[in-house]
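Enquirer: Have a look at this one.
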Amino acid sequence: MLKRFINYYKPYRSLFILDFGCATIAAILELSFPVIVNQVIDKIMPSKNLKLILLVCAGLFGFYIINTALQYIVVYFGHKLGVNIETDMRDDLFQHLQKQPFEYYDNQKTGKLMTRLTTDLFEISELAHHGPEDVFITLMTLIGSFLLMYNIHPQLALITAIMVPFITVAMVFFNSRMTKVNTTIYENLGEFNAGIEASVSGIRVTQAFANEEFENNKFSRLNQLYRQSKLAFYKTMAVSSSYNYLLIRLISLFALLFGAYFTIKGEITEGNFVGFILLSNVFARPIEKINVMIESYPKGFAGFKRFIEEIDKKITIQDKPDAIDVDHLEGNINYENIDFSYSDGTSVINDLSLKIDAGEIVAFVGPSGAGKTTLCHLLPRFYEVDAGNITVDGVNIKDMTMSSLRKQIGIVQQDVFLFPGTIRENIAYGKLGATESEIEKAVQLAHLEKVIHDMPEGLDTVIGERGVKLSGGQKQRVAIARMFLKNPPILILDEATSALDTETETIIQESLMSLSEGRTTLMIAHRLATIKHATRIVVVNENGIAEEGTHEELMAKNGAYKALYNAQFRD
């Protein structure tokens, strides 16, 4: 894990060297101050040469000016290094999530994934900046100041440093405990964010059922769980900092007590004594910094650990190394002995075979849960078949790159998702970089002109999160316009007109019929009145394909389709 963390430094070697180098020089200059004070007291002050003392002080002032500049570089460019690494990790994680198939998201909570992308990585910035630098500077300052103290008086140096092993043991112990606590905090924060996301997204349902008190109680439980985790962290931190505070003050006390003793005995001079006291403060400073490290480093390590866990999750559907890009497909689709089950073992499709010719309009009907939508989602490889093959124009879809395959398929789903932004941006999502005339043409085909004309800003009207400012029918027509703009050879219409009123549905059906000409269209429908024009109707149930044919043929069979039709249209 450490090696993988270090790899993120490679693109920023120069920034790291600048930060690390300046921090090292600043630490060395800090060590020089007690030595200079020692010389001033023991050698310059006895000569009573005020001019020389002023010259030395001027030199020290110059040191402080240099250190001030170095501190600016360390703080700004060091944090820039940390932010760059954090940003790269977030990019990697987002790209990894983008590649995960539908089934991965079927088992995930949005709030948890948001936590992985945000909170988990916040502390990594501090760890990336301070981690190597603090460890090195702490060791260098400890060793350097100890050697200088040892040069003044070996026995006094050893007495002063006797607390370091106790502090080291405490640091290892508390760091381990706080890393575990932080991992729990991040897990609880994921649940906390997931709960907030669900509650806020479902606020209309909550208010419709007058369940605000229930949601408040549920949120309160999540809030208290997160609170307890945070308190556990701060309790451990409080014990750690208090313990280290006592030991650090004992270092200063020992230096003062035994330094005075050896000075009185004449073993060290007054200058050595003052220099030693200053060095003991320099010696204690990195130990005090350990308290900060114990607070922040476990957060960073816990965040990086969860980052690694997420990014190591296998992407179950990937392109073959030799997968080909397809520029155009005619739309001859063949399902050959398909089996599919979800990851929990639920079997949906068993040994299903179906051939669809280019240009056919095939409608899938049947009871909910029979696998109609799943069957269509297997075509663009949103899910992967367990057995069998799916070919388009005689080429196995696994031999095509997913990007090129999906560019040949247009989908209007039952649950329309619109991005926050304008109507124009949502329509143009079907063809990034579309011209104004192309967008306007798609608007006309989807019969959106009047809707847009009535909007305050026309195409540039902001529609809110998930298109909340639009009606169900308007959202559906925006999604249909998006599909018109994409203009693919294969269409999947998953209840594409389900949210429309009867009059609008008739208009859109005509538009869809026009678009479907010369294109292979897979329609999923519950309202049988919308599919009478289909080239073929396929009835799907729990046993697979029950029957198929035109509307007239299936009605004549007096089988499953007719039963569905009679149930839907009986007086």
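Enquirer: Output the number of residues of the stretch 48-77 satisfying the condition of being exposed (fewer than 12 other Cβ atoms within 10 Å of the Cβ) and either outside any helix (DSSP H, G or I) or touching a Leu at 6+ places or on another chain (Cβ under 8 Å) (or both).
Expert: Within the stretch 48-77, residues that are exposed (fewer than 12 other Cβ atoms within 10 Å of the Cβ) and either outside any helix (DSSP H, G or I) or touching a Leu at 6+ places or on another chain (Cβ under 8 Å) (or both) number 1.
Enquirer: Among (1) modelled with pLDDT under 90; (2) under 36 Å from the mean Cα position of the chain (by Cα), there is one condition residue 366 misses while meeting the rest; what is its number?
Expert: Residue 366 satisfies all of (1) modelled with pLDDT under 90; (2) under 36 Å from the mean Cα position of the chain (by Cα) except (2).
Enquirer: Still on this model: For residue 84, are the conditions met, namely being surrounded by 11 or more Cβ atoms within 10 Å (Cβ to Cβ) and touching a Phe, Trp or Tyr at 6+ places or on another chain (Cβ under 6 Å)?
Expert: yes
Enquirer: Specify which of the listed residues (416, 451, 443) is modelled with pLDDT under 85 and part of a helix (DSSP H, G or I).
Expert: Unique residue meeting the criteria: 451.
Enquirer: How about the stretch 321-363: which of its residues are surrounded by fewer than 18 Cβ atoms within 10 Å (Cβ to Cβ), among the aromatic types (Phe, Trp, Tyr) and modelled with pLDDT of 90 or more?
Expert: Within the stretch 321-363, none qualify.
Enquirer: Another question about this same structure. Those residues that are of a type outside the set (Val, Ile, Thr) and either at pLDDT 90 or above or part of a strand (DSSP E or B) (or both), I need them from the stretch 504-555; list them, please.
Expert: If the condition is that a residue be of a type outside the set (Val, Ile, Thr) and either at pLDDT 90 or above or part of a strand (DSSP E or B) (or both), then 522, 523, 536, 541, 544, 546, 547, 548, 549 are the ones that fit.
Enquirer: List the residue pairs whose Cβ atoms are under 9 Å apart, where the first residue sits in the stretch 30-46 and is touching a residue at least 60 places away in the same chain (Cβ under 8 Å) and in the same structural domain as residue 60 (by TED's automatic domain parsing), the second is surrounded by 15 or more Cβ atoms within 10 Å (Cβ to Cβ) and among the charged types (D, E, K, R), and the two are 6 or more positions apart or on different chains.
Expert: Pairs found: 30/285.
Enquirer: Has the stretch 312-324 got at least one residue that is within 30 Å of residue 565 (Cβ to Cβ) and assigned to a strand (DSSP E or B)?
Expert: no
Enquirer: Taking the stated definitions as given, is residue 126 within 30 Å of residue 219 (Cβ to Cβ) and in contact with a Gly (Cβ under 7 Å, 6 or more places away or on another chain)?
Expert: Yes; evaluated as a whole, the condition is true for this residue.
Enquirer: In addition: Given the options 400, 455, name the one that is in the same structural domain as residue 521 (by TED's automatic domain parsing) and under 24 Å from residue 489 (Cα atoms).
Expert: Every option except 400 fails the conditions.
Enquirer: Is there a residue being modelled with pLDDT under 80, surrounded by 12 or more Cβ atoms within 10 Å (Cβ to Cβ), in the same structural domain as residue 167 (by TED's automatic domain parsing) and over 20 Å from residue 111 (Cα atoms) anywhere in the stretch 199-208?
Expert: No, the conditions are met nowhere in the stretch 199-208.
Enquirer: Here's something else I'd like to know. If you go through the stretch 210-226, how many residues are exposed (fewer than 13 other Cβ atoms within 10 Å of the Cβ) and either closer than 30 Å to residue 289 by Cβ or small (Gly, Ala, Ser) (or both)?
Expert: 2
Enquirer: Name the residue that is farthest from residue 132 (Cα to Cα), counting only residues in the stretch 60-115 that are free of Cβ contacts under 8 Å to residues at least 40 places away in the same chain and among the small types (Gly, Ala, Ser).
Expert: Here the residue is 62.
Enquirer: Also, quick follow-up: Any chance the stretch 377-388 includes a residue that's assigned to a helix (DSSP H, G or I) and crowded, with 17+ Cβ neighbours inside 10 Å?
Expert: yes
Enquirer: Right, next: Could you list, in sequence order, the residues of the stretch 1-32 that are within 20 Å of residue 311 (Cα to Cα) and either assigned to a helix (DSSP H, G or I) or among the charged types (D, E, K, R) (or both)?
Expert: 2, 3, 4, 5, 6, 7, 10, 11
Enquirer: How do the helices (runs of 4 or more DSSP H) wholly within the stretch 116-201 filter down when requiring 1 or more residues that are among the acidic types (Asp, Glu) and under 30 Å from residue 466 (Cα atoms): which remain?
Expert: Correct list: 119-152, 164-201.
Enquirer: How about the stretch 22-33: which of its residues are within 13 Å of residue 130 (Cα to Cα) and out of contact with any Leu (no Cβ under 8 Å at 6 or more places or on another chain)?
Expert: Result: 24, single match.
Enquirer: Being modelled with pLDDT under 80 and either farther than 30 Å from residue 129 by Cα or not hydrophobic (A, V, I, L, M, F, W, C) (or both): is that true of residue 280 here?
Expert: Criteria not met by residue 280.
The values are calculated or read from the model by the stated rules, or taken from the named source; none is laboratory data. Remember, it's a predicted structure, so these values are computed and weren't measured experimentally. Heads up, the Cβs are rebuilt from the backbone with ideal geometry, glycines too, and the neighbour counts pull from every protein chain shown.
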